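Down below is the structure, laid out as structure tokens.
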Amino acid sequence: MILMVCAMMLAADVMAQPLLKTHVETGDLEGILDGQLAVYKAIPYAAPPVGDLRWREPQPAKPWEGVLKADNFGPLPPQPTRPGRTADMMSEDCLYLGIATPAKSVNDRLPVMVWIHGGGFQTEHYGGDLWKHLAQRGVVIVSIEYRTGALGFLAHPELSKESKDGHSGNYGLLDQIFALQWVQRNIANFGGDPSKVTIFGESAGAISCSMLCASPLAKGLFRAAISQSGGSFAPWSDKPRALGLDASQKGAEQQGLAFMKHLKKKNIKQMRKMDAMELCDGNVGFAGFWPCVDGYVICDDQYRLYERGEYNDVPVIVMTNSDEGALFSPANIKAENYQKQAQAMFGDMADEALKIYPGNTDDEAWHSNGDAFRDLGFAWPSYAWVSLQTKTGKSPAYAAFLAQPSTRSFSPDKRRKGVAHADDILYLNGEFLTQPDKYPAEAAVAEIIQQYWVNFAKTCNPNGKGLPYWPSFDDSKPTTMQFSNGASLIMVPNREKINFIDRFIKSKREQTESQR
């Protein structure tokens, strides 16, 4: 009898262990134990995009023999070096993903959250500890890497000619889609439910989520999306990306030709022979590479797609921060230079812009420059997203505004008045939750945000027991959830500025469409 009880206890203990060993389509895997999570840090989801595969769509990963120990993160994608980001940490062989799962069995069928990192489509990395606190709440977290910079987003006439679909330039987005397809085929082996996938990301990762919501290639790969500081609703032109306009493939190809000339190369064959880091160094001082409207991954001006209801209609949470631009406003900006920049940016609407974003002193110019950057780059696209989806979609859109006062920020400028760009990550990565004595208000907000995010992943609705009720967006009512010393509903924040940017973008769209 005693032996039977011991055997049953041993079996129960084994059953309670996280899934440290599993199998995917290319072979057996072994992860590591991190508390009550099984963590797999570097799973190849595609073949290394090197040699002849540089600037081509991702290809399937090759099978391996034996057991692959996924105990170390894969390398960073090649990007300009800086303190803490050295060349030996990078490799063009970068198409890996990480998984943290609380599942005890492949039959658990837990909701899945797929993180897409930011970095302006130029930098950053999929690794880190962001997933721990969310995964501990009962979801499987996947974090994916994708090609960035020129390696991820170079368009060129030769590359378009190589493609059977006549496209080039969106290789990083194709990586993301390829990774989501991999998740559909394999996540059940980590205790995840492929029918309950939520994508979420910050900055360029949020913009990626927006683009995936509009791409026909991503249809059916996820059932919900969370955007933290980003959306893709600007008009596009046939010129290289500038002045708030995205580029068509033709415009991106012009940038690719200029880049090749800048590198003193004659053709793509020569550029494929270049060292990956040499390409990154060549990118320094050159305009950053960005997704383009190629008619394949991105089919049209996303604003127009949403007006017509031509998008992947899934529930979304769209959040912006109160002082996003504080991270980007130059510390030494002068009032005179700011006013000249405003004239160049806003053209015929510059006088009105300088009333809404005044810059009569250097300090005022610093704040207004940041506010204009916030509204053009983050707040207006987010407003456009929830507003358009509310009008043309069937799925709910939830608007959020992070405004929690804090001494902790990624912005070093003490003039900051709110939550800077990327500060929202601090509410997900555990920095505040693990220091509640030092950051009591921030820790409380982090707890609320994480509960909302996980509820949304589990049910496509952020609401749950113990949380303030959060209705879907309604432009005429206080439905934006503000996170500041708790959570409360407000009207659209900075409405006068948003209305101005809305009219400015509309004029830009009309100008570009008349020129086509």
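Just a few scattered comments:
- Here the translational diffusion coefficient of segment 233-276 follows from Stokes-Einstein with Rh set to the Kirkwood radius across Cα pairs; for 4 °C and 1.567 mPa s it amounts to 114 µm²/s.
- Counting only residues at least eight positions apart within a chain, or on another chain, the aspartates and glutamates with an alpha carbon under 13 Å from that of Lys261 are Glu253.
- Zone residues, segment 499-516, relative to Glu352, backbone N less than 19 Å from point 7 Å out along Cα-to-Cβ: 499-514
- Checking the cross-link pairs Lys391/Lys417; Lys250/Lys508; Lys21/Lys132; Lys41/Lys104 against a 24 Å limit on the alpha carbon distance flags Lys391/Lys417 as lying beyond it.
- Neighbour count of at most 16 Cβ within 10 Å plus DSSP loop: longest chymotrypsin sites (Phe, Trp or Tyr not before Pro)-free window in the chain: 65-285
- The chain shape via C-alpha gyration tensor axes, a/c threshold 1.5: oblate
- The trypsin sites (Lys or Arg not before Pro) found in segment 213-266 that occupy coil by DSSP, while having at most 15 further C-beta atoms within 10 Å, are Lys219, Lys264, Lys266.
- Taking a straight line from the alpha carbon of Lys264, these lysines sit under 19 Å away, with near neighbours fewer than eight places off in the same chain left out: Lys273.
- Taking amide H as placed 1.01 Å from N in the peptide plane, the amide H of Tyr398 sits under 5 Å from that of Val316, Ile317, Val318, Phe473, each at least 5 places away or on another chain.
- Cβ-defined net charge surrounding Pro396, 12 Å radius [Lys, Arg +1; Asp, Glu -1]: -1
- Global form of segment 119-245, assessed from the alpha-carbon gyration tensor, a/c cut-off 1.5: prolate
- Counting only DSSP beta bridges whose two residues both lie in the chain, roughly 40 percent are antiparallel.
- Around Ala331: net Lys/Arg minus Asp/Glu count, Cβ-Cβ under 14 Å: +1
- Inter-site label distance for Glu496 and Arg308 at 7 Å from Cα along Cβ, in nm: 3.8 nm
- Compactness index (Cα Rg / 2.2 N^0.38 Å), segment 299-406: 1.28
- Loop-located trypsin sites (Lys or Arg not before Pro) in segment 395-455 whose Cβ has at most 10 other Cβ within 10 Å (DSSP): Lys414
- Cα-based reach from Lys340 at 18 Å (exclusive), listing lysines while leaving out same-chain residues under 8 positions away: Lys355
- Segment 367-423 and segment 164-217 have Cα centres separated by 23 Å.
- ³J(HN,Hα) computed for each position of segment 220-226 - Karplus, 6.51 cos²θ - 1.76 cosθ + 1.60, integer Hz, glycine/proline x: x, 8, 7, 10, 7, 9, 10
- Amide H to amide H, with H built 1.01 Å from N, Gly192 comes under 5 Å of Arg109, Leu110, counting only residues 5 or more places away or on other chains.
- Distance (nanometres) between label positions extended 7 Å along Cα→Cβ at Asp362 and Lys417: 2.0 nm
- Qualifying trypsin sites (Lys or Arg not before Pro) in segment 311-356, where qualification requires a DSSP coil assignment and no more than 15 other C-beta atoms within 10 Å, comprise Lys334.
- Approximate spin-label separation Glu510-Gln343, in nm, with each point projected 7 Å along Cα-to-Cβ: 2.4 nm
- Of all beta bridges that DSSP places with both ends in segment 116-254, some 10 percent have antiparallel geometry.
- Bins of 10 Å from zero: percent of alpha-carbon pairs in segment 432-516: 16, 31, 26, 18, 9, 2
- Computed from backbone phi with θ = phi - 60° and the Karplus coefficients 6.51, -1.76 and 1.60, the 3J(HN,Hα) list for segment 233-240 is 10, 6, x, 10, 9, 8, 10, x Hz; x is used for glycine and proline.
- Furthest towards positive pole of dipole, Pro102, Thr26, His156, structure part the chain, Cβ charges: His156
- Projected area, mean over directions - segment 133-185, Cα convex hull, nm²: 4.9 nm²
- The H on the amide N of Val293, modeled in the peptide plane, is under 5 Å from the matching H of Ala247, Ser248, Gln249, each at least 5 residues off or on a different chain.
- For the chain, adding -39500 (n - 2.57) for each run of n ≥ 4 DSSP H residues and dividing by the number of residues yields -10500 deg cm²/dmol at 222 nm.
- Its relative contact order, with pairs defined as Cα atoms under 8 Å and 6+ residues apart, puts segment 212-268 at 18 percent.
- FRET efficiency, Asp71 to Glu336 (Cβ-Cβ, R0 45 Å, nearest 0.05): 0.20
- Formal net charge of residues neighbouring Pro78 (Cβ-Cβ distance under 11 Å; K, R +1; D, E -1): -2
No value in this document is a laboratory result; all are computed from the given coordinates. Keep in mind it's a predicted model, so treat the numbers as computed, not measured. Cβ coordinates were reconstructed from backbone atoms using ideal geometry, including for glycine residues, and neighbour counts include every protein chain displayed.
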